[in-house]
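Data first, discussion second: the structure below is written as structure tokens.
The values are calculated or read from the model by the stated rules, or taken from the named source; none is laboratory data. What you are looking at is a predicted structure, and each value in this text was computed from that prediction instead of being measured. As a convention, Cβ positions derive from the backbone with ideal geometry for all residues, glycine included, and neighbour counts pool all protein chains shown.
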Amino acid sequence: MQRQSSPVTDRDSLAAVAAVDLVKVYGAGDTAVRALDGVTVGFERGRFTAIMGPSGSGKSTLMHCLAGLDTATSGQVLLGGTDLTKQPDKVLTKARRERIGFVFQSFNLLPQLTAAANITLPLDLAGRKPDTAFQDKLIGTLGLSGRLGHLPAELSGGQQQRVALARALVSRPEVVFADEPTGNLDSRSGAEVLALLRDSARELGQTIVMVTHDPGAAAYADRVVMLADGRLAGEIHQPDIAAVTDALQSLAAGR
Amino acid sequence: MNPVLRTQLAGVGKRPARLLLTGLAVLVASFVVYATVLAQQITERSVLNGLSGTPEAVDLVVQNGSIKKSDLDTISKLPGVAEAVPRTSIGVRMPAGDLVIATDPGSGPLSTVKLTEGRYPAAAGEIAVTPRTVERMALTVGSKHTVSPGGDAKPVTLTVVGVVQPRDDIGFLSYGLLPTASLAGYDWIERVDIRLDSGADATAVRQEISSRIRGESPPEVATGADTRLAEAREAAEQVDQVFIVVKVFVAVAVMAAGLIAASTFRIVFAQRMRQLALLRAVGAGRGTMARALAAEGALTGLVVGVTGVLAALAVGHLIPPALSAFGFEVSSPGFPLAEAAGTVALAVLITVVAVLAPALSAARVAPLEALRSASTTGAKQGVGRLRAVTGILLALAAAGVAYQVWTGLPKTPDDEVDAQNLLLGIVASGGLAFVALITLGPVLVRPVLTLAGWPLRRLGPVGRLAVGGVGGSARRAAAVSVVVALGVTLLTGVLVCGDSIRVLAERETIAAAPADFELKGNTGTVLNDDVAERARQSTELTRVTPYRWAAGITIGDFQDAGATDVSMTALPRLAGLDTVSGDVTDLAPGKAIIAGYLAENAGVTTGGQITLKREGKEVRLTVAAVLGGQTPLHTEALLDPSDLTKLGVPAAPTGVLADAAGAGEEGRTAGLQALRAAASAQPDISVEVLADQRDQINDALATLMVIALALIGLTVLIAIVGVGATTALSVVERVRESGLLRAVGMSRGGLHAMLTTESALYGVIGAVLGLVLGVPYAWLAVAALANDAPLTFPVWQLVAVFLVLVALTALAGVLPARRAARVSPVTALGTD
């Protein structure tokens, strides 16, 4: 167990998004499952953090709660000082639209929109004008310049995920959440996407939170947060594959 | 149990909505088919009841021969005969004119009248009169009248004991029992209506009657059904056309049902494909799978088929009482059993085929390939080359058949053409056009969407997304729109045909009945000088217009044409005459207005010259205007009085037209009496109440309107249910997409608005395609049915259809959209 992150309830802290004593219970009575059992964790601004843990550790639930996609049973989710758990759907929708970006395992592009239209979708929904210079730079960096007019069905998996990444980044949200972004990709495309995620954090100062169970993917992050049975189970700064694998093995052994 | 069947049934338990949706398509289809069958029953029975004087309960009719009173007794005593009712009538002369006394039992299934006041006659000399007769002839209940029944019979006293309502009230009609009608002393009956015992052999009774009654001219024995049809045909020539139209409608509705089923199955198909591929991947054999699916399909088909038939039956039996609340009397549809069984069988067949088809496809492709196939079916763009070629060939075939029909259209009203074949051709062409539309739909959606979507795109991201969503999945859009298009085509057809027939009937009414009353004698009779003047002085009459009428005029090849000089300006109603060319107000000395068929026969148009010859005299006139039908008062030419005089027609008027000054039935009765009084010095001339004829035509039109309303109602039902089902499925299919939109920040309201807008856009596309197809086909149908009917374009009705259908499609999307917007993004993203 290493150093505890700075007080997450502090408005002026470095945390872009934080969970405070977060509990999520599915079902009721005998069949109730505590997917999150009092998680307190902060994610620093401008950094690339990975959430890891064995299957059923609650990592996806944590991300869904942090992103305002799912409601918590108790505790707080603080996005830049706003407690998302107390907000009505309208505010959550606005937060998702303007302050949060998503990258999914199965890409989730709208099949009927072109790559370009998919990228600007969140901006369209918010009625915002895109920052053309930033958008062009992003598209260039992601290597999508020649593919903007294509429909998702005409793109490879790696290209689709890069479109999804561009969609998450284009509105410069406070946090980008990535849920197993390389799960459906071959290793080369996966490596490309991970490198792009890391570069967005380093070069653009984008806060990124990624859920993964692949130590190789986690090694791209600045920091790895370990989860087990719905609780925080340690963290690693500047991880490498070996350190992450060891930590996972000790978690598995400790059960 | 078969393991695949168990899996399927478990799946049904877990996701009942999907089975419901599979079944829903068939449910809708069987409902529509059976509802149409019932609509056909209602229509045919109502039309026959409205146009035939024979009650539906009549099994056999004995008529057209010498039938004596003793024969009636013979018939009544035959085994199998439950009731035999004589129908005969005599005329008696009364101070106010001739009165007809007809026989009727007064009650029971064979009666044609309904008692409204007093009692029904029970003895000789007692009569019940109709309401108009009470007014027109002053025959009030309780009054006694001594009349001479004609022949050598002594004068008898008639007592009015009641008032009865017949089907058609001609205004000089009374009813009684046979002894009253025999007062004239004749021993013969015009006709006997027979009701048989249930289960009696009609053929045997028929033969028995034929062998027993053998006078000098043995009467014919016909079935009640044949007699009803023959009478209806006599009353309205269009009866067969109406029945053909209804049959065509049944065919189209069956096609619509098939379309709805097909478009919903398209989505179910895609969902099944994945599931079946999975079963194949874990080792299910083809045979096992096929048997399981066939069993499941048969069960589903049976349940939903029976449900659909029962639902249709319920609606069908609710319609007559519902319509009678609005004053429209229609018949009950009964219980057509064979059709019900056929509908259920069809439902089972469709369902089995629909669930087996994806199984066969899944068996053909590699399991993994099938698993990977996109879960959304709509994302594919455009159409393949084979599909495009097929579609174009179908469209060409449709155009070819339509051209065939067009060349076969009747050219003049007297052309004998087989309307049934023409209509079948139109239906075949329409069917081909619709298959072509389904095939080419994805390509056709684009241009319509570009137009309709333009204002929406300006409305912000939700509008842009909706347009993008529809355009991006052109196949799905095409599938939903085609259902709407079919509904709009049917509605357009009914409206355009209905409007054309209405306009035609109105014009014919104007030409045939330009005023309320016509006073005239037999051909050759002229009125005394003072008749018109006396009529003018009556305060009960207005627009009194004397006219001359002459027959036996030769115009070109046309022998024995009629001509009149009735003043166009005196009777304002004549301004509405159907003018094909020219202007009816241009009539002046040296000019003529002529009937359309005369113009065609003589080969002249407006501005041309015609020569009229009569009894060696001759005039040459310029055609001022050509009418669509006849000129007023059943003539071929309308002339200036001076030209009629040049043809040697005497100056004295042959008749007088007049309108009642007062309103309603009372005004009409007062006017009639005033006109009779004006002509009292000339017993050989009589007054005809043209207004009554107009009423009859309007009644017939009202019957047609009821039919049209029923057909429109059914069509709207088909369209709504079809669009509702397809929209609901489309939303179910896209739960994942909705989840994503919510995840990237679309609000609930926004998603709701987007899905509803998409539905409305399906409606717009469908309505545009439907109007483009519907109007030309409707015109073709009008031309085939009645070539003298005008081709109208009821703009406002069509605009209303367009708006209502678009609103309904949007509404059909509201509920599914609400449901989609409520689902949490996480749940939605987790669905496959």
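Checking the condition within 14 Å of chain A (Cβ to nearest Cβ), at pLDDT 85 or above and out of contact with any Lys or Arg (no Cβ under 8 Å at 6 or more places or on another chain), which residue from B:L761, B:L771, B:L803 passes?
B:L761
Out of the residues in segment A:65-95 that are touching a helix residue (DSSP H, G or I) at 6+ places or on another chain (Cβ under 8 Å), assigned to a loop (DSSP other than H, G, I, E, B) and not acidic (D, E), state the one that is nearest to A:A18 (Cα to Cα).
Here the answer is A:A67.
Determine if segment B:429-442 includes at least one residue that is over 33 Å from the mean Cα position of the chain (by Cα), assigned to a helix (DSSP H, G or I) and in contact (Cβ under 8 Å) with a residue 60 or more places away in the chain.
Within segment B:429-442, one or more residues are over 33 Å from the mean Cα position of the chain (by Cα), assigned to a helix (DSSP H, G or I) and in contact (Cβ under 8 Å) with a residue 60 or more places away in the chain.
Among the strands (runs of 3 or more DSSP E) contained in segment B:32-151, which hold 1 or more residues that are at pLDDT below 85?
B:60-67, B:89-94, B:97-103, B:144-147
For (1) touching a Phe, Trp or Tyr at 6+ places or on another chain (Cβ under 8 Å); (2) modelled with pLDDT under 65; (3) closer than 30 Å to B:S473 by Cα, each residue gets a yes or a no:
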position	(1), (2), (3)
B:V268	no, yes, yes
B:G283	no, yes, no
B:A295	no, no, no
B:L323	no, no, no
B:L337	no, no, no
B:V344	no, no, no
B:I350	no, no, yes
B:V353	no, no, yes
B:L356	no, no, yes
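Specify the residue that is surrounded by the most Cβ atoms within 10 Å (Cβ to Cβ); the eligible residues are those in segment B:774-828 that are among the hydroxyl-bearing types (S, T, Y) and more than 15 Å from B:L755 (Cβ to Cβ).
The extreme case among them is B:Y777.
Tell me, which residue of segment B:448-466 that is facing chain A (nearest Cβ under 10 Å) and in a helix (DSSP H, G or I) is surrounded by the most Cβ atoms within 10 Å (Cβ to Cβ)?
Result: B:L465.
How many residues are hydroxyl-bearing (S, T, Y), outside any strand (DSSP E or B) and buried (at least 20 other Cβ atoms within 10 Å of the Cβ) if we restrict to segment B:164-221?
Number of matching residues: 2.
Regarding B:I593, is this residue part of a strand (DSSP E or B), under 25 Å from B:F517 (Cα atoms) and touching a strand residue (DSSP E or B) at 6+ places or on another chain (Cβ under 9 Å)?
It is true that B:I593 is part of a strand (DSSP E or B), under 25 Å from B:F517 (Cα atoms) and touching a strand residue (DSSP E or B) at 6+ places or on another chain (Cβ under 9 Å).
Which residues, counting only those in segment A:68-108, are more than 24 Å from A:L138 (Cβ to Cβ), among the basic types (K, R) and either crowded, with 23+ Cβ neighbours inside 10 Å or at the interface with chain B (Cβ under 7 Å from one of its Cβ atoms) (or both)?
Scanning segment A:68-108 gives a single hit, A:K90.
Can you tell me which residue is farthest from B:T635 (Cα to Cα) among those in segment B:532-551 that are of a type in the set (G, A, S) and touching a residue at least 60 places away in the same chain (Cβ under 8 Å)?
Among residues in segment B:532-551 that are of a type in the set (G, A, S) and touching a residue at least 60 places away in the same chain (Cβ under 8 Å), the one farthest from B:T635 (Cα to Cα) is B:S538.
Conditions first: (1) free of Cβ contacts under 8 Å to residues at least 40 places away in the same chain; (2) touching an Asp or Glu at 6+ places or on another chain (Cβ under 8 Å); (3) over 29 Å from B:N522 (Cβ atoms). B:L621 passes all but one, so which condition is the exception?
Of the numbered conditions (1) free of Cβ contacts under 8 Å to residues at least 40 places away in the same chain; (2) touching an Asp or Glu at 6+ places or on another chain (Cβ under 8 Å); (3) over 29 Å from B:N522 (Cβ atoms), the odd one out for B:L621 is (3).
Condition test on B:D684, is it out of contact with any helix residue (DSSP H, G or I) (no Cβ under 7 Å at 6 or more places or on another chain) and assigned to a strand (DSSP E or B)?
Taking the combined requirement at face value, the residue does not satisfy it.
Considering only segment B:390-397, I want to know if a residue exists there that is crowded, with 20+ Cβ neighbours inside 10 Å and more than 30 Å from B:G749 (Cα to Cα).
yes
Pairs needed: first member in segment A:109-127, more than 9 Å from every other protein chain (Cβ to nearest Cβ) and in contact (Cβ under 8 Å) with a residue 40 or more places away in the chain; second member anywhere, surrounded by 22 or more Cβ atoms within 10 Å (Cβ to Cβ) and assigned to a helix (DSSP H, G or I); C-beta distance under 7 Å; at least 6 residues apart or different chains.
If the second residue must be surrounded by 22 or more Cβ atoms within 10 Å (Cβ to Cβ) and assigned to a helix (DSSP H, G or I), the pairs left are A:A115/A:V163; A:N118/A:V163; A:N118/A:R167; A:I119/A:V163; A:I119/A:A166; A:I119/A:R167.
Looking only at segment A:48-62, filter to residues that are at pLDDT below 90 and under 15 Å from A:A178 (Cβ atoms); which one of those is surrounded by the fewest Cβ atoms within 10 Å (Cβ to Cβ)?
Taking the candidates together, the pick is A:S60.
Quick grid of which residues meet (1) of a type outside the set (K, R); (2) under 20 Å from B:A637 (Cα atoms); (3) part of a helix (DSSP H, G or I):
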{"residue": "B:V480", "(1), (2), (3)": "yes, no, yes"}
{"residue": "B:T489", "(1), (2), (3)": "yes, no, yes"}
{"residue": "B:V494", "(1), (2), (3)": "yes, no, yes"}
{"residue": "B:D499", "(1), (2), (3)": "yes, no, yes"}
{"residue": "B:T509", "(1), (2), (3)": "yes, yes, yes"}
{"residue": "B:D530", "(1), (2), (3)": "yes, no, yes"}
{"residue": "B:I553", "(1), (2), (3)": "yes, yes, no"}
{"residue": "B:G562", "(1), (2), (3)": "yes, yes, no"}
{"residue": "B:T569", "(1), (2), (3)": "yes, yes, no"}
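Considering only residues that are more than 19 Å from B:G521 (Cβ to Cβ) and of a type in the set (S, T, N, Q), look in segment B:536-560 and name the one that is surrounded by the most Cβ atoms within 10 Å (Cβ to Cβ).
B:S538
Give me a count of the residues in segment A:97-120 that are modelled with pLDDT under 85 and basic (K, R).
Residues in segment A:97-120 being modelled with pLDDT under 85 and basic (K, R): 1 in total.
Take B:A515 and tell me if it is away from every other protein chain (no Cβ under 14 Å), in contact with a strand residue (DSSP E or B) (Cβ under 6 Å, 6 or more places away or on another chain), assigned to a helix (DSSP H, G or I) and farther than 30 Å from B:V250 by Cβ.
Answer is no for this residue.
It is to be established whether one or more residues within segment B:627-641 are at pLDDT 85 or above, surrounded by fewer than 22 Cβ atoms within 10 Å (Cβ to Cβ) and not in a helix (DSSP H, G or I).
Scanning segment B:627-641 turns up at least one residue that is at pLDDT 85 or above, surrounded by fewer than 22 Cβ atoms within 10 Å (Cβ to Cβ) and not in a helix (DSSP H, G or I).
Considering A:A168, A:A153, A:A191, A:A195, which residue is within 12 Å of another protein chain (Cβ to nearest Cβ), surrounded by fewer than 18 Cβ atoms within 10 Å (Cβ to Cβ) and among the aliphatic types (A, V, I, L, M)?
A:A153
Hey, among the residues in segment B:634-682 that are under 42 Å from the mean Cα position of the chain (by Cα) and among the acidic types (D, E), which one's nearest to B:A551 (Cα to Cα)?
Per the criteria, the residue is B:E636.
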